[in-house]
Structure formats: C-alpha cells, structure tokens
Amino acid sequence: MIIGLQLVAIVFALIMIYFAYLHYSRGELNGVEVLSWLIIWLSAIIIVVFPDLLRTFAQTFAISRLFDLMIVGGFIVVIPMIYISYVRTKRLEKKLEDYIRKETLKQTKK
Amino acid sequence: MKISIVIPAYNEAKNIGLVLDSLRREKFPIVVVDDGSKDKTFDIASKYVRTLRDLTVLRHKVNLGKGAALKTGCESAILSGAEGIIIMDSDGQHRVADLPKFIEVLNGGKYDIVFGSRDINMNMPLVRFIGNKVASALISFLFGIYISDLICGFRAFTKTAYRKLNLKSSNYGIETEMVAKVGKLRLKHCEIPVETVYYDKFKGVTILDALGILFDVFIWKIR
C-alpha cells in the first residue's frame with residue numbers, strides 16, 4: 001500500500017515531469033534533455049513505489065535502512081548538481097561582464 | 001603625472017550632479033561610469049559633458065556591480081592616457097577638499113597606492129564599523145597588510161599598480177581585493193585620513209555581500 005509520504009513524492013515527481021515538458025515545449029530544453037529528466041523522474045517514481053528494489057544495493061554498501069540510502073544518494077546527486085550550476089552561473093556572469101565592459105569601453109575618447 | 005578621477009555610479013540621480021558640481025574647479029579628466037542605473041543618473045551626468053571640459057560618461061547596459069564599473073572607468077582613463085587614477089564614490093560622501101592629499105602623494109612617486117581612511121568618529125554605523133575592523137584584522141593576518149578602513153572607496157593608484165593588481169571582482173569585493181593584492185604583491189602603500197558624510201545607511205555593503213567577500217578572501221589567499 002502506498003503511504004502518504006510516497007504519495008507526496010509521486011505527485012512531486014509528476015509535477016517535475018510536467019515542468020520538464022513545459023520547458024521542452026518552450027524550446028528551452030532539447031529532446032535529449034527532456035528525455036533524461038523523464039528517465040530520472042520516472043526512476044524516482046519506481047523507487048518510491050517499490051523501495052525494496054534498492055535493498056540489495058543498500059546491503060552492498062552496508063547501509064541497513066533504505067531511507068538512509070536514499071538520503072545519502074540524494075546528497076551525492078544534489079551536491080554535484082549545485083556545483084555544476086554554480087560554475088556555469090559564474091562562467092555566464094564572466095562572459096556577460098566581459099561583453100558589457102568591452103562594449104562600454106568602445107565609447108571612450110582616445 | 002596625468003591623473004584622472006573615476007566615479008562609478010548606480011542609481012545616484014540625486015547626488016551625481018552635486019558631485020560633478022563640486023569637481024567643477026578641478027582640472028583633471030573625469031570618468032563617470034553609470035552601472036546600468038534605473039534612474040536618470042546617466043542623463044544627468046551626460047548633461048555635464050557640455051560644461052565640464054574633460055568629462056567622459058560611460059554606461060553599462062546591464063548592472064554589473066561596483067567592481068565592474070570601477071574597472072571600466074579605470075581602463076577608460078588609462079586608454080585616455082592617465083598615469084594615475086583617483087577613485088571616489090558618486091553619492092557625495094567624499095570631499096573634493098581631500099583630493100589634493102591624494103594628488104600630492106601620487107606625484108611624490110614614493111607610493112603605488114594611497115588608501116583613504118575614514119575617521120571612526122564621523123557617524124559610521126556601528127555594524128559597518130565592527131565589520132570593517134574584523135575584516136581589516138583578517139586581511140592583516142592573511143596578507144600581512146593592515147588598512148584601517150578596508151572598504152573606503154576614496155583611493156588613488158598609479159597605472160602600473162592598477163595593471164599589477166589585475167582585479168577580478170565585479171561587486172563590492174573589489175575594495176577588499178585591492179587591499180589583499182597590495183599585501184600579496186608587496187606594493188608600496190600609505191593611508192591618508194578623509195572626511196566622509198553618510199547620506200544613506202541602506203546603501204553599500206550588506207551582511208550578505210560581506211559573507212560573499214569573506215569567501216573570496218580565502219580564494220585570493222589560495223590563488
């Protein structure tokens with residue numbers, strides 16, 4: 001039987017699938033990107049509905065509770081994503097700054 | 001030495017005219033960089049081009065931060081032939097009467113960079129005062145340079161020093177980066193007292209900005 005917390009997780013995953021589709025429709029994500037997100041969120045739904053699928057995996061890493069495995073796994077996924085996002089934002093900021101400043105300096109009287 | 005004054009400005013429509021009026025008697029070229037202001041800062045500053053002979057007004061199309069505006073202003077001044085640069089804020093908190101002190105030190109040739117230091121008795125908000133002193137102590141510990149007023153925007157430096165500093169910050173961290181790099185590169189520096197009037201307590205470095213700068217300080221130490 002699906003309990004409340006699982007239901008919340010499924011609804012959240014479905015909303016995220018909708019957002020992936022929305023951004024795909026607006027042309028902000030390409031086909032490969034939207035497919036990747038679809039696979040990620042469908043995998044999340046499958047794990048939430050059938051958590052026992054991960055039991056063998058958890059035993060391999062000597063993690064006794066499935067919930068602990070999900071927490072550790074979540075951190076392992078989220079931290080690199082934040083880092084990649086940070087680096088990309090920094091890179092974009094730098095490009096924008098260089099462009100704007102270069103354009104502005106063209107107005108200088110020499 | 002050919003000296004230019006660089007003034008970065010953001011949403012300073014109320015004050016930029018007063019600042020430029022106060023500089024009317026000075027003979028130095030002035031560069032105002034409007035950092036993508038939402039108000040009439042650029043239009044007001046541009047009106048002074050007719051009356052101030054050597055005024056250049058530049059505009060960032062997008063707001064990039066004080067550091068970016070300062071770098072644009074300094075590079076513009078150097079492109080126009082400046083060998084020394086004086087930077088001052090656009091909110092009118094710095095006194096034109098202090099300019100000769102900077103000019104005298106720059107022309108003396110003994111120092112690469114001159115830091116203005118505000119008198120702590122001049123109504124500096126308490127939080128800003130404590131933050132400033134803690135940051136000065138940290139910079140002193142990490143870079144071996146003690147500047148009593150780390151974030152004062154009234155400074156002067158030579159073109160060579162500016163080139164050596166190779167500043168990277170695009171925000172309020174630029175003043176701290178300048179001090180850290182002066183310490184790291186062992187540039188010759190001195191401090192001179194300047195007068196300051198606080199018109200707006202809500203402008204300037206916020207606690208969040210300060211945390212970002214603190215993070216950058218450790219990055220500058222490693223690099």
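Okay, here's what the table says:
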quantity: Value of relative contact order over chain A, rounded to a whole percent, pairs C-alpha under 8 Å and six or more apart; calculated: 18 percent
quantity: Cross-link reach list, lysines versus B:Lys27, counting only Cα pairs under 26 Å and skipping chain neighbours closer than eight places; calculated: A:Lys106, A:Lys109, A:Lys110, B:Lys2, B:Lys14, B:Lys40, B:Lys47, B:Lys66, B:Lys71, B:Lys101, B:Lys110, B:Lys159
quantity: Computed Rg/Rh of segment B:147-189, alpha carbon atoms with Kirkwood Rh; calculated: 0.91
quantity: Relative compactness, segment B:3-222, computed as alpha-carbon Rg over 2.2 N^0.38 Å; calculated: 0.95
quantity: Calculated diffusion of segment A:52-110, Stokes-Einstein form, Kirkwood radius summed over Cα pairs, 4 °C and 1.567 mPa s, µm²/s; calculated: 85 µm²/s
quantity: Residue among B:Phe157, B:Phe102, B:Phe141 with the largest mean-square fluctuation in a Gaussian network model of chain B, springs linking Cα atoms under 10 Å; calculated: B:Phe141
quantity: Radius of gyration and Dmax over the Cα atoms of the protein assembly as shown, both given in Å; calculated: 26.2, 84
quantity: Sorted by Cβ neighbour density within 10 Å, fewest at the top, the residues B:Ser37, A:Ser43; calculated: A:Ser43, B:Ser37
quantity: Length-normalised contact order of segment B:43-164 in % [C-alpha pairs under 8 Å, at least 6 apart]; calculated: 31 percent
quantity: Nearest 10 degrees, 0 to 90: helix B:126-143 Cα axis against chain B principal axis; calculated: 60 degrees
quantity: Rounded D (µm²/s) - segment A:5-110, Kirkwood Rh over Cα pairs, Stokes-Einstein at 4 °C, 1.567 mPa s; calculated: 75 µm²/s
quantity: DSSP bridge orientation in the protein assembly as shown - percent antiparallel, rounded to nearest 5; calculated: 30 percent
quantity: Percent of beta bridges antiparallel (DSSP, chain B, rounded to nearest 5); calculated: 30 percent
quantity: Debye, to nearest 20: dipole size of segment B:3-222, +1 on Lys, Arg Cβ, -1 on Asp, Glu Cβ; calculated: 380 debye
quantity: Cα lying deepest toward the dipole's positive end in the protein assembly as shown, options B:Ser90, A:Leu42, B:Leu79, charges on Cβ; calculated: B:Leu79
quantity: Cβ-placed point charges (K, R +1; D, E -1), dipole of the protein assembly as shown about Cα centre in debye, nearest 20; calculated: 1040 debye
quantity: Chain A: DSSP helices with Cα axial extent of at least 30 Å and average Kyte-Doolittle hydropathy no lower than 1.0; calculated: A:4-25
quantity: For segment A:1-49: Kirkwood Rh in Å [reciprocal of mean 1/r, alpha carbons]; calculated: 11.2 Å
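Read-outs: derived from the displayed coordinates by stated rules, not from any lab. Since this is a predicted model, take the numbers as computed values, not measurements. Counting neighbours? That spans all protein chains shown, and the Cβs are built from the backbone with ideal geometry, glycine included.
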